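Notes to accompany the following structure.
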Amino acid sequence: MYDLSKVVVTSSPHIKAADDTRSMMLDVLIALVPALCVAVYTFGPRALMLTVVSMIACAVFETIYNKIVKHPNTIGDLSCLVTGALIAFNVPVAASWWMVVFGALFAIIVVKMLFGGIGKNFMNPALGARAFMMASWAGMMTTWTAPHSDLPLFGTVTVTDAISTATPLSAMKNGALPDATILEMFLGQHGGVIGETSAAALIIGGLYLLWRKVITINIPAAYILTVAVITFLFPMGDVSRIDWMLSQVLSGGLMLGAIFMATDYVTSPVTPKGQIIFGIGCGLLTVFIRYFGGLPEGVSYSILIMNTLVWAIDKITHPRKFGYALDKKKEAQ
């Protein structure tokens, strides 16, 4: 006979899994390590310093906010550290340390915590911080440093400290192929923000996340393939279609955005069909901004725009309940 007094009755769903927010965020941090290693090799220890400062700032601001509102401290889920790393990955290595601190303040307090914390923000905090920093310090956010320049660990970078260089996207904005070769763009030996230069390192991180089942292939594949198809069919200038397409895919923040930011659980659709629509939308907007916008890069703003449409995508792609007949009056509305 079974002792029914020991049976605990609870409401559904009765699903148990070893994964939690902390383990997934830890996997994301591990996946970012290859790109960080390449950044340190390419730009020097200043890249590591900015990343560490940004991560610490995010943890401090989240702790302070929780203290003020008398909530349990949530830094243990590691999401603030992921945000901090991605903020640093979205700034040039010539940026000052205090700038990433202000970016961390905006990301954690304004974008994340004021909306209720993790799971409730409507846009990616790191991309929100990038947009804030671009609007506030446009000059510093577009000062690119040549690889292997001798930069000071702290302090302001001057003209004598580094050789100013253009990013591959800057050249392609005028319809010309960049000076960097396809191999250099794949490996990350060119100018750009800290975390975007090495497509190879970002792909390695993405494969790790796929293996760990932290992300699915839907959004990155739809995003990257959309950019690849459009840029192959409609190149700017009299250039090789293949070279143009590969340069567009391997340069800029496409890999970083498609793998690490567009796949954010909170700000992306939940259904597979919705994720594909989301990725295609990001790809279309990215190419549109790159071709017709005032800035050479469009990844950040394309993802932010699509973040605001996630509710609509989820609404039109959610599966119909089995055996449920929708009221025609409600369907018409």
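The values are calculated or read from the model by the stated rules, or taken from the named source; none is laboratory data. Just so we're clear, the structure is a prediction, and the values are computed from it rather than from any experiment. Heads up, the Cβs are rebuilt from the backbone with ideal geometry, glycines too, and the neighbour counts pull from every protein chain shown. Surface accessibility is based on the protein's heavy atoms, side chains included, excluding ligands, DNA and RNA. Shrake-Rupley method; radii C 1.70, N 1.55, O 1.52, S 1.80 Å.
Extending 7 Å from Cα along the Cβ direction at Lys273 and again at Lys120 yields two label points whose distance is 3.1 nm.
Beyond 27 Å between alpha-carbons counts as too far, so tell me which of Lys213/Lys315; Lys213/Lys273; Lys67/Lys112; Lys173/Lys273 fall in that bin. Violating the 27 Å Cα-Cα cut-off are Lys173/Lys273. Nearest 0.05, what FRET efficiency do Ile64 and Ala135 give at R0 = 22 Å with Cβ-Cβ as r? After rounding to 0.05, the efficiency reads 0.35. Each helix, a run of at least 4 DSSP H residues, gives -39500 (n - 2.57); summed and divided by the residues of the chain, these come to -16500 deg cm²/dmol at 222 nm. Along the range 139-150 the Karplus relation, 6.51 cos²θ - 1.76 cosθ + 1.60 evaluated at θ = phi - 60°, assigns HN-Hα couplings of x, 5, 6, 10, 9, 9, 10, 5, x, 6, 7, 8 Hz to successive residues, with x for each Gly and Pro. Of the accessible area of the chain, computed with a 1.4 Å probe over protein heavy atoms only, carbon and sulfur atoms account for 69 percent. In sequence order, the range 120-131 has phi-based couplings of 10, 6, 9, 9, 5, x, 5, 6, x, 5, 4, 4 Hz under the Karplus curve 6.51 cos²θ - 1.76 cosθ + 1.60, θ = phi - 60°, and Gly or Pro positions carry x.
Close amide H partners of Gly188, meaning residues 5 or more places away or on another chain with modelled amide H under 5 Å apart, are Ala199. Surface listing: Tyr301, Tyr208, Tyr41 arranged by accessible area from highest to lowest gives Tyr41, Tyr301, Tyr208, probe 1.4 Å.
Couplings 3J(HN,Hα) for the range 97-114, derived from phi with the Karplus relation 6.51 cos²θ - 1.76 cosθ + 1.60 (θ = phi - 60°), are 5, 5, 5, 5, 5, 5, x, 5, 4, 5, 5, 7, 6, 7, 7, 9, 6, 5 Hz, where x marks Gly and Pro. Among the trypsin sites (Lys or Arg not before Pro) in the range 207-277, those placed in a DSSP loop whose Cβ has at most 13 other Cβ atoms within 10 Å are Lys213. Heavy-atom accessible surface of the range 191-235, averaged per residue, reaches 40 Å², computed with a 1.4 Å probe.
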